[in-house]
Amino acid sequence: MDLKYIGHSAFEIKVGEKSILIDPYVSINPKYDWKKSNIVDIFVTHAHADHLGEAIEISKEKEAPITAIVELASYCGKHGCKTQGINFGGWINYDWGRAVFVPSYHTSSLPDGSYAGMAAGIIFDIEGVRIYHAGDTALTSEMKTIKELYSPNIALLPIGGYYTMDVEHAAVAAKWLGVQTVIPMHYDTFPTIKADLQKFTQLIQAGNTNVAILNPEQL
Ligand code: ZN
């Protein structure tokens, strides 16, 4: 398995020859060419434009279903995508692994203002490794429950503040989640979400957790 940071909250996970995309706001990174990847599934944590990104276009071109909370999936379906509308708490099986949606503490609405259900985080279970993509979220005690129920190994956490957790709260989140490795996301894209990576690294390492800062320039 290979985890690539495309930028903002967008990631590609490669499992063998297959790729899955999460929150594919891929236009953020001109170096990333989704047409070259064998994308078989797309996940969207919530409907905000910086997370839905180019999901609809990619889904249609690749015939890759979008897995999302049922209201958001229904919107994507109306725009011609194959979809898998799900909800919180149930493992969904795929031929590359499985995934479960967990609550995040955030809002979710579509560009036309329609209701998109609740915002989510997603836990992936792939080849024995559990990766938690937190989506957009404030620090929430839900993360203690996530540790108890799912024991994730790697957490992809928003650190930019303003709309989500900042570096200090993300460090608390890492502790509550009990993960071995944290990968920061959702920072520096806009002026409002500038983050102090050095401070973040110090805070995380003080808790005996590893930080992996992935550079979208080095895909
Ligand atoms: Zn959002």
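The values are calculated or read from the model by the stated rules, or taken from the named source; none is laboratory data. Fair warning: this is a prediction, and the values are worked out from it, not measured in the lab. Because the Cβ atoms are built from the backbone with ideal geometry, glycine has one as well, and the counts that use them run over all protein chains shown. These accessible areas exclude ligands, DNA and RNA; they are computed on the full protein's heavy atoms, side chains included. Shrake-Rupley method; radii C 1.70, N 1.55, O 1.52, S 1.80 Å.
Points worth noting:
- The listed residue being away from the ligand (no atom under 16 Å from the Cβ) and open to solvent by less than 20 Å² (accessible area, probe 1.4 Å), out of 204, 193: 204
- So residue 113, is it within 16 Å of the ligand (Cβ to nearest atom) and modelled with pLDDT under 95: yes
- Where a residue in region 180-193 is under 23 Å from residue 151 (Cβ atoms) and its partner, wherever it lies, is surrounded by fewer than 24 Cβ atoms within 10 Å (Cβ to Cβ) and of a type outside the set (A, V, I, L, M, F, W, C), with Cβ under 6 Å and at least six apart: 180/153; 181/210; 182/209
- Evaluation of residue 179 against the conditions (1) under 26 Å from residue 52 (Cα atoms); (2) assigned to a loop (DSSP other than H, G, I, E, B) shows that the sole unmet condition is (1).
Here's the yes/no breakdown for (1) at pLDDT 95 or above; (2) of a type in the set (Val, Ile, Thr); (3) over 28 Å from residue 217 (Cβ atoms); (4) open to solvent by 40 Å² or more (accessible area, probe 1.4 Å):
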{"site": "45", "(1), (2), (3), (4)": "yes, yes, no, no"}
{"site": "53", "(1), (2), (3), (4)": "yes, no, no, no"}
{"site": "62", "(1), (2), (3), (4)": "yes, no, no, yes"}
{"site": "66", "(1), (2), (3), (4)": "yes, yes, no, no"}
{"site": "69", "(1), (2), (3), (4)": "yes, yes, yes, no"}
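- Taking the criterion of being within 13 Å of the ligand (Cβ to nearest atom) and either farther than 25 Å from residue 158 by Cα or under 13 Å from the mean Cα position of the chain (by Cα) (or both), the residues of region 36-77 that qualify are 44, 45, 46, 47, 48, 50, 51, 52, 53.
- Within region 14-27, being part of a helix (DSSP H, G or I) and open to solvent by less than 60 Å² (accessible area, probe 1.4 Å) holds for one residue alone: 26.
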